[in-house]
Number of protein chains: 2
Amino acid sequence: MIEHLSLPAPLEVPDRATVLRRATSDDLGAIVRLLADDPVSAGRGDTAATDDVGAYASALDEVIRDPGNDLLVAVDADGSVVATLQLTRIPGMARRGSTRLLVEAVRVASSRRSLGIGGALMRWVVDRAAPELGASLVQLTSDAARVDAHRFYRRLGFVDSHVGFKYRLPTAD
Amino acid sequence: MIEHLSLPAPLEVPDRATVLRRATSDDLGAIVRLLADDPVSAGRGDTAATDDVGAYASALDEVIRDPGNDLLVAVDADGSVVATLQLTRIPGMARRGSTRLLVEAVRVASSRRSLGIGGALMRWVVDRAAPELGASLVQLTSDAARVDAHRFYRRLGFVDSHVGFKYRLPTAD
């Protein structure tokens, strides 16, 4: 949990009461389903397999306890989890000592796409979370295959100025 | 400072005794000069201006105290700082609960380029630091203008599978 972040927060989703709150261990199943609900994630092994429950539960516990990270979920009026994202606050020297806010693992349930949930989430990140955390830069990487997502981030004012490199450790199965 | 990282560590730089260690507040000037020594950083405002010393000093202090971050410097046999980089350990749910290691602000002094320092640094990150920290993925973004750097990362086994988006807050001057 990152300190100084005003949560829960209402999200400006048209015609739907949607609230953003911190994830708890009770959200494990819902978050794992959101990851598996996305073809790119599923292609990387996030298939909500029973064998992986222990790894996901440990990861959720670690993220919740980490002072530099916040795992968030957006919930509908009936309490169902419709989206998730992770924030990491990163102090740094570059850009005259700028603090960055890294956004990872943004996922909206496939049944709730195109309703403005993703846009409301990201506007909350840049307009609310980043200033509250003293960050002057918000950054994320998006898989080259996610062409629609790239259009979405550009519309929100993000600039695709960088190339995102990943190195998968040989020991990772 | 991130726990469980074996430092200082010798770097495998050909023909030069080079050691990687954690930055201290005494390294402030050297790190600021390394940033200003890079044209892309300088173009973003890292010009080692006297007015910015306070911001850099606060940032250095914050990074050093942060349990999820390590700011490192490579030093020559005579103790002079020849390179720097920052590591951020990020637990997460995606990729079956993978922990990531984010690399930021890799800089080698212009007078020491092409001597194998950058390669030795990055090999230490993927071969030593990532396994010690339980990370199965190392990631970084590189400015689209750094074509030579992209070739360098590809040679080390990094895959440019992602697009890196940045959003600069309007309040950032």
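Some notes on this structure:
- At R0 = 45 Å, FRET efficiency that the Cβ-Cβ distance of A:L5 and B:R123 yields, to 0.05: 0.80
- Extension gain, B:T47 back to B:D148 (0.36 nm per residue minus Cα-Cα distance, nm): 34.1 nm
- Calculated from backbone phi, Karplus (6.51, -1.76, 1.60) coupling profile of region B:63-75 in Hz, x at Gly/Pro: 4, 4, 7, 6, x, x, 10, 9, 9, 10, 10, 9, 10
- Amide proton proximity set for B:R100, modelled H, under 5 Å, gap of 5+: B:I90, B:G92
- Only Lys, Arg, Asp and Glu carry charge here, each on its Cβ (+1 for the first two, -1 for the last two); on that basis the protein assembly as shown has a dipole of about 900 debye about its Cα centre.
- Phi angles across region A:89-106 convert, under the Karplus curve 6.51 cos²θ - 1.76 cosθ + 1.60 with θ = phi - 60°, into 3J(HN,Hα) values of 8, 10, x, x, 8, 4, 6, 6, x, 6, 8, 9, 10, 8, 10, 10, 6, 7 Hz, Gly and Pro given as x.
- Under 5 Å between amide hydrogens, built in the peptide plane, is the criterion, and for B:A109 it picks out B:A83 among residues at least 5 positions away or on other chains.
- Neighbour counting of Cβ atoms within 10 Å sorts the residues B:M93, A:M1, fewest neighbours leading, into A:M1, B:M93.
- Stokes-Einstein D in µm²/s, Kirkwood radius over Cα pairs - region B:17-155 at 37 °C with 0.692 mPa s viscosity: 207 µm²/s
- Each of A:L20, A:S136, A:L102 was scored by the projection of its Cα onto the charge dipole of region A:17-155, and the greatest displacement toward the positive side belongs to A:S136; charges sit on the C-beta of Lys, Arg, Asp and Glu.
- Using a Gaussian network model of chain A in which every pair of alpha carbons under 10 angstrom is joined by a spring, one finds that among A:R155, A:R100, A:R123 the greatest mean-square fluctuation is at A:R155.
- With both labels modelled 7 Å from their Cα along Cα-to-Cβ, the B:S114 to A:D37 distance reads 5.3 nm.
- Proximal charge balance of A:P91 [Cβ under 11 Å; K/R count +1, D/E count -1]: -1
- Basic side chains Lys and Arg get +1 at the Cβ, acidic Asp and Glu get -1 at the Cβ, and with that the dipole of region B:17-155 about its Cα centre reaches some 860 debye.
- Check: region A:14-74 dipole with +1 on Lys, Arg Cβ and -1 on Asp, Glu Cβ, in debye: 180 debye
- For peptide B:134-140, the mean count of partner chain Cβ atoms within 10 Å of a residue's Cβ comes to 5.
- Spin-label zone in region A:125-167 - amide nitrogen under 17 Å from a point set 7 Å from the Cα of B:L156 along the C-beta vector: A:163-167
- For A:97-106, mean number of other protein chain Cβ atoms within 10 Å: 5
- Cβ-based charge dipole, the protein assembly as shown, positive-most Cα from B:I64, B:M1, B:G29: B:G29
- Across peptide A:58-67, the average count of Cβ atoms from other chains found within 10 Å of a residue's Cβ is 4.
- Only beta bridges with both residues in region B:1-152 are counted; by DSSP, about 85 percent of them are antiparallel.
- Computed [θ] at 222 nm, helices only, for chain A once each DSSP H run of length n ≥ 4 contributes -39500 (n - 2.57): -7500 deg cm²/dmol
Read the figures in this text as sums done on the coordinates, not as results from a lab. What you see is a predicted model; the values in this text were computed from it and never measured. Reconstructed Cβ throughout: ideal geometry from the backbone, glycine too, with neighbour counts over all protein chains shown.
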